[in-house]
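Down below is the structure, laid out as structure tokens.
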Amino acid sequence: MRDPLIWIWTLADSATPLVPVHMVSQWPDGVLDRLRACGLLIPGAEASRVLCPECHDHYEEVIACEGAGRETYFYITCPEHLRVRVPRDARWQWTVDFGTLTGAIVTKLNLTGSVSELSHHRVWRLGRTNWQRKSRDVLFARGLHWRDADTVRSVITNARQPIVFVPRSMPAADYWIGSEPPMIALDQVANSGESSLELDHLAITTAIQDADGVLGDSVPLTEEKLKLMIRQQMSANNKTELTDAVFVGAYQQQGSYRKAADFLAEQTSRAISKD
Ligand SMILES: [Zn+2]
């Protein structure tokens, strides 16, 4: 089964991130349950237009009507069946819980500070990260490929050395004016875990290094230098955290995340996953 998160990225990339219940019913079994369980998909506003429950080939405006017992019922007009009753649940729609999504990224990346919306439902400042001894803002933005994307560009570039996460779609090649911040598509670095999403830290680190121009310009570490760095970092003050440089060096040398993880596990005598 494809990772259920792909439905979240598609929705999050949409200007109206709502999916009607009849479309959700066509998703593979388990996707809805999984996305609800991790809190990323929640009930959204009820639809004002629905697919005709009889013909299944035309959308109509829902009309509310008061019944005899003063209860409200809903119907649509249909060229074939004239008036078709619409059950309440046919109007249900699902949406992305951006609070849960941004919160999960904050937790997984250990960001500091608080989450704030820089542009309503469009650009969020998730917090700060200490990247190679520099404090940088981490942002989540959607719709950088929409026609009005220019309206949020300065919101992003005004942040402090921003690192920008997007659901899936990247902006046009000529979108940025001046330097381009590191952009990371979540569909490339996230997968759904048991109760939340999991992030591939090595892929993120590499993407940032790459965008900052460090990876392209620097000479990859030799294996001896890399092993020495690992030994130093493992023994220094009982530190068990390896630095970004080590992860990137291992990736450069080994050529894949999995091989890099195996190499680091061997060097540190600890289990290290490709994540
Ligand atoms: Zn109809």
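We did not get these values from a lab; they are worked out from the coordinates using the rules stated. Keep in mind that what you see is a predicted model, and the values were worked out from it rather than measured. Please note: Cβ atoms are built from the backbone with ideal geometry, for glycine as well, and neighbour counts cover all protein chains shown.
Each other residue within a Cβ distance under 10 Å of L197 adds +1 if Lys or Arg and -1 if Asp or Glu, for a net charge of -1. Exposure here means at most 12 other Cβ atoms within 10 Å; with trypsin sites (Lys or Arg not before Pro) in a DSSP loop as sites, the longest stretch of the chain lacking them is 161-238. For the chain, the Cα-based Rg and Dmax, in that order, read 23.7, 84 Å. Per-residue Karplus couplings for region 187-199, computed as 6.51 cos²θ - 1.76 cosθ + 1.60 with θ equal to phi - 60°, are listed in order as 5, 8, 10, 10, 9, 7, x, 4, 10, 8, 9, 10, 10 Hz, Gly and Pro entered as x. Given +1 at the Cβ of Lys and Arg, -1 at the Cβ of Asp and Glu and no other charges, the dipole of region 137-218 around its Cα centre is 280 debye to the nearest 20. Lys-Lys pairs in the chain that are eight or more residues apart or on separate chains and whose Cα atoms lie under 25 Å of each other come to 15.
Less than 5 angstrom separates the built amide H of F165 from those of L139, F140, A141, I184, all sequence-distant by 5 or more or on a different chain. Rounded to the nearest 10 degrees, the angle from helix 98-108 to the longest Cα principal axis of the chain is 20 degrees. Relative contact order for region 1-154: 19 percent, from Cα pairs under 8 Å spaced at least 6 residues apart, divided by residue count. Over the residues of the chain, the helix contribution to mean residue ellipticity at 222 nm works out to -9000 deg cm²/dmol, using -39500 (n - 2.57) for each DSSP H run of at least 4.
Helix 223-235 and the long axis of the chain differ in direction by around 80°, with both axes built from C-alpha atoms.
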